[in-house]
1. Of everything in region 345-366 that's part of a helix (DSSP H, G or I) and polar (S, T, N, Q), which residue is nearest to L407 (Cα to Cα)?
2. So which residues in region 493-521 are touching a residue at least 60 places away in the same chain (Cβ under 8 Å) and of a type in the set (S, T, Y), if there are any at all?
3. With the requirement that a residue be over 26 Å from L260 (Cβ atoms), touching a residue at least 40 places away in the same chain (Cβ under 8 Å) and of a type in the set (G, A, S), what does region 278-317 give you?
4. Can you tell me which residue is farthest from S494 (Cα to Cα) among those in region 223-263 that are in contact (Cβ under 8 Å) with a residue 24 or more places away in the chain, of a type in the set (A, V, I, L, M) and in a loop (DSSP other than H, G, I, E, B)?
5. Give, as residue ranges, the helices (runs of 4 or more DSSP H) completely inside region 461-563 that count at least 1 residues that are out of contact with any Asp or Glu (no Cβ under 9 Å at 6 or more places or on another chain), modelled with pLDDT of 80 or more and closer than 30 Å to R315 by Cα.
6. Taking S175 and the conditions (1) part of a helix (DSSP H, G or I); (2) touching a helix residue (DSSP H, G or I) at 6+ places or on another chain (Cβ under 9 Å), which numbered condition does it fall short on, given that it satisfies the others?
7. Examine region 13-20 for a residue that is surrounded by 18 or more Cβ atoms within 10 Å (Cβ to Cβ), farther than 27 Å from K121 by Cβ, at pLDDT 90 or above and not polar (S, T, N, Q), and state whether such a residue exists.
8. So K199 passes all but one of these: (1) touching a residue at least 40 places away in the same chain (Cβ under 8 Å); (2) under 25 Å from V106 (Cβ atoms). Which condition number does it fail?
Amino acid sequence: MLGTYEIKNERIYFKTKYDADFVTEVKEIVGRKYDPETKSWDCPLNFATSVPIQNLINKFKLEDLNSNSVSPSDDIIHQFDIENSVQRIIPSVKQKIQGMKLPWKVRDYQVHGISYQLASKRCINASAPGTGKTMMAILAVEIENLFPCVVVVPASVKYNWQRQWNIMNPKRTTSVINNKEDNFGADVLILTYDSVGKKEVISKEGEDEKIKVNLKYEQLEKLSIKSVICDESHAIKTGKAIRTKGVKRLTKGVEYIFMLTGTPVMNRPAEIISPLSILGQFDQMFGNWRDFVYKYCGAYETRFGLDYTSATNTRELNEKMRKICYYRVEKRDVLKDLPPVQETLYLVDIDNRKEYNRASNDLITYLKENYGQLKADNALYAQSLVLISTLSQLSTKGKIEGICEWLDSFIESSDEKIVVFGIHVEFLKSLSKKYKCDVIIGEVDHKKRQLIIDNFQKNENRILFMNIAVGSIGIDGLQNVCSTVLFYELPWKSTDLEQAISRVERSGQKNNIEVFYLLGKDTIDEDMWELILSKQMVTDSINIGIDVESQQYMSQFIKKMIQK
């Protein structure tokens, strides 16, 4: 016998004879430490460590020091497996849901998601858009009576959350917090990310300042918050941002934290660090920041410092998170009756080729001739990014006639409705004016956006124009009347496309979904399309769990633009 183990207060203590193989493997357990006085290894026992600990016991045939207790492989360690914990509470969750008067049926996968949230307590629900993450979070809080609950959301969906909660439980008091005079005594408080924290400058020397972030409303400090929900939680991917620090302050000491996002990683693995840290899960999974970035971000030293913008071991990262605090279901796996999606790409000629080529060949001269010396001078400091923006706008400008021809043909050849996505506001406004229909852009009030969606489901308008950034979240109901989407401009991220398409690809859709892309031939549109496909491989690997090869896609793209 090599040695024994003993379990006390969710920690396990190994006392063994020296064995090089055992030492090597026990060092792989995150959070382990060696006590030279007792000559034993002390390891935390949790969702992250239960499997390697069980493997260690079985491989080296270690015996339980307390011979009367049940073997961990049969029960004690078994309870620290997340899926076993989920299965144990599913019957209770189902029973409680049956006792609630809900407006619609809760599907089995949603019961599983609710149970996962309650078993993990602090997790990311990364289920695909349209699978009901909002409902799962609301019911998890309702089932365990986790009030007061604070919901942190993008500004565009704050009233939608209030509306959804009131539908699920009309007796529940909710309050959208816009100022300090609002009702902080409600069961559910809904805040935007930018209204959680506020910056306080402690000291300042020249341009350097030392700051701390406090909660914006002192009433929040006095609440005994039982749960926090962060919707579209990729909004807190940047650790140094005020909003991220504000959410971290808000969630301190809160037992239940549910993060919701269909796109937890939008570009690279490093984006998951801040959300996992706020959940309190990062250290127990990965040990420390440096180990994480070297293993999953392909970190390497440069003369400017550590570069960790790449992606490595992405499939392993997905699998590790799923065992502890990451729940995801794919739309196509759970919504069996959802019609298929057909995507079609069209290349159209632009009618301003000479202007486009002038900008592409000599950006600074082009800007000077068309916009003045000041804009040309400013462009020198970020020439590649200005070039990308300028060529994107010129491509859209040059294909406006092609867009209109395509839309005219669609209107004449069918009686269906269509949602048209773009980026630049001036083009969206111009097109909506031409076709005498509504447009949803940033300047449209949040309440009016929902009114536009409601009206689109009832009126005779065939086209609805939407800005991708604004219209890709918090919009529901389009699937009832529309199954066709057109993109005439492309965003930087494939995840933005996925979110936008999900406005029609969601529960309730009965028709085959058609997605069309109108790209300018021999323009930056084609480069952007390649960039999006490259990014999608990386994000799918982490978010969904698909094997891909790591690519330095962004740096390659920028280099290509600089060489133009």
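The values are calculated or read from the model by the stated rules, or taken from the named source; none is laboratory data. In this text, all values refer to a predicted model and were calculated from it rather than measured experimentally. Glycine also receives a Cβ, built like all others from the backbone with ideal geometry; neighbour counts cover every protein chain displayed.
1. N357
2. Once the filter is applied, which keeps residues that are touching a residue at least 60 places away in the same chain (Cβ under 8 Å) and of a type in the set (S, T, Y), region 493-521 yields T495, S502, S507, Y517.
3. G287, G298, S310
4. That would be L223.
5. Ranges flagged: 494-501, 524-543.
6. (1)
7. yes
8. (2)
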